[in-house]
Amino acid sequence: MENEILRALHARKSVRVFTDQPVTAEEREAILQAAFQAPTAGNQQMYTILDITDPALKERMADLCDHQPFIAKAKLCLVFLADCRRWPRAYRAAGMEPRDPGPGDLLLALADTCIAAQNAVTAAESLGIGSCYIGDVLENAEAMRETLHLPAHVVPACMLVFGRPTSQQQERVKPARFREEAVVCENVYRDRTEEELREDFTLRGANVPEFQFDRYIQAFCKRKYESDFSREMSRSAGVYLKDFE
Ligand SMILES: Cc1cc2nc3c(=O)[nH]c(=O)nc-3n(C[C@H](O)[C@H](O)[C@H](O)COP(=O)(O)O)c2cc1C
């Protein structure tokens, strides 16, 4: 099937190099308003969005997020915070004595936050503005809290950087996805057999030059999963999770 929205979803890819053209105030507003229209659990909108406009703060964020300099060059930079404070504060303001937020509240807030972020991505795309998620915003909890003045029960879910793609970025080949059977199970979960797993990855690696399962997976494991930044992210996430124990 094909239509304008399906075509846009298929065409979208991350953009990490931006032209000098700004994101206008009107475009920024359209992106934010689209984010607000996303579904949220109980319509609670358990998120707060930080619009990072201070160039020095953008530089600091680039540094704290695993030293990714393109962050500081973004024309619009939004940090999406899972916010488990707004409603309990309202409960208290209304004279209630609510329980502390727990893991369920955090998981729902994270879902709200990332769904809103993805609406922002799609809205930007419709305006010719590219974007890239920055998951490394979960790292360095202590410094991040201090830098962004984050109180307890407020957790950075993701950051989005926006700008218009350079022609090189427009031409870049979009990374391939797993085939459907690798990611869809009927009714209940089933582990892929090792043979299926190898085939899933090999088919996905079709446009990786000289793809070879063991070599590729070993290198990926070292570069990503076992990397310092990945270990730091897990440590840092544990700091935020302590609020929800
Ligand atoms: C939660 C999340 C975190 C990500 N973090 C980063 C990041 O820190 N730096 C980066 O350059 N790209 C990041 N990305 C972008 C992914 O690398 C990208 O989406 C993936 O490679 C697929 O490519 P595509 O978006 O072009 O289709 C992130 C994406 C997601 C969804």
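The values are calculated or read from the model by the stated rules, or taken from the named source; none is laboratory data. The model shown is predicted, which means the values in this text are computed figures rather than measured ones. In this analysis, Cβ positions are derived from the backbone assuming ideal geometry, glycine residues included, and neighbour counts consider all displayed protein chains.
Can you tell me which residue within segment 200-213, out of those that are assigned to a helix (DSSP H, G or I) and of a type in the set (S, T, N, Q), is surrounded by the fewest Cβ atoms within 10 Å (Cβ to Cβ)?
It comes out as Asn207.
So which pairs qualify, if the first residue must be in segment 26-47 and closer than 12 Å to Thr113 by Cα, the second must be of a type in the set (Gly, Ala, Ser) and modelled with pLDDT of 95 or more, the Cβ gap must be under 6 Å, and the two must be at least 6 apart or on different chains?
If the second residue must be of a type in the set (Gly, Ala, Ser) and modelled with pLDDT of 95 or more, the pairs left are Ala35/Ala116; Ala35/Ala120; Ala38/Ala116; Met46/Ala109; Tyr47/Ala116.
Looking at segment 186-210 only, could you name the residues that are among the hydrophobic types (A, V, I, L, M, F, W, C) and either in the same structural domain as Gly130 (by TED's automatic domain parsing) or within 25 Å of the chain's Cα centre (by Cα) (or both)?
Phe201, Val208
Leu150 - would you say it is within 30 Å of Arg99 (Cα to Cα), buried (at least 19 other Cβ atoms within 10 Å of the Cβ) and touching a strand residue (DSSP E or B) at 6+ places or on another chain (Cβ under 8 Å)?
Yes.
Please go through segment 108-150 and give me each residue that is small (Gly, Ala, Ser) and touching a Phe, Trp or Tyr at 6+ places or on another chain (Cβ under 9 Å), ordered by number.
Answer for segment 108-150, where residues must be small (Gly, Ala, Ser) and touching a Phe, Trp or Tyr at 6+ places or on another chain (Cβ under 9 Å): Ala109, Ala116, Ala117, Ala120, Ala124, Gly130, Ser131, Ala141.
Of all residues in segment 114-155, count the ones that are of a type outside the set (Asp, Glu) and within 11 Å of the ligand (Cβ to nearest atom).
So the count comes out to 12.
For segment 187-199, which residues satisfy the criterion of being loosely packed, with under 11 Cβ neighbours inside 10 Å and among the aliphatic types (A, V, I, L, M)?
Scanning segment 187-199 gives a single hit, Val188.
For every residue, the table says whether it meets (1) among the small types (Gly, Ala, Ser); (2) surrounded by 15 or more Cβ atoms within 10 Å (Cβ to Cβ).
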{"position": "Gln37", "(1), (2)": "no, no"}
{"position": "Leu57", "(1), (2)": "no, yes"}
{"position": "His67", "(1), (2)": "no, no"}
{"position": "Leu76", "(1), (2)": "no, yes"}
{"position": "Arg99", "(1), (2)": "no, no"}
{"position": "Gly102", "(1), (2)": "yes, no"}
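What do you reckon, is Glu232 in contact with an Asp or Glu (Cβ under 8 Å, 6 or more places away or on another chain) and part of a helix (DSSP H, G or I)?
The answer is yes for Glu232.
Within segment 158-182, work out how many residues are within 11 Å of the ligand (Cβ to nearest atom) and of a type in the set (Asp, Glu).
Of the residues in that region, 0 qualify.
Residues that are at negative phi and either basic (Lys, Arg) or more than 15 Å from the ligand (Cβ to nearest atom) (or both): does segment 63-74 have at least one?
Within segment 63-74 (the criterion being at negative phi and either basic (Lys, Arg) or more than 15 Å from the ligand (Cβ to nearest atom) (or both)), the answer is yes, since at least one residue qualifies.
I'd like the residue in segment 214-244 that is loosely packed, with under 14 Cβ neighbours inside 10 Å and over 24 Å from the mean Cα position of the chain (by Cα) and, out of all such residues, is nearest to Val137 (Cα to Cα).
Gln218
Per-residue answers, yes or no, for (1) part of a helix (DSSP H, G or I); (2) β-branched (Val, Ile, Thr); (3) at positive phi:
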position: Glu2; (1), (2), (3): no, no, no
position: Ile5; (1), (2), (3): yes, yes, no
position: Val15; (1), (2), (3): no, yes, no
position: Gln21; (1), (2), (3): no, no, no
position: Ile31; (1), (2), (3): yes, yes, no
position: Ala35; (1), (2), (3): yes, no, no
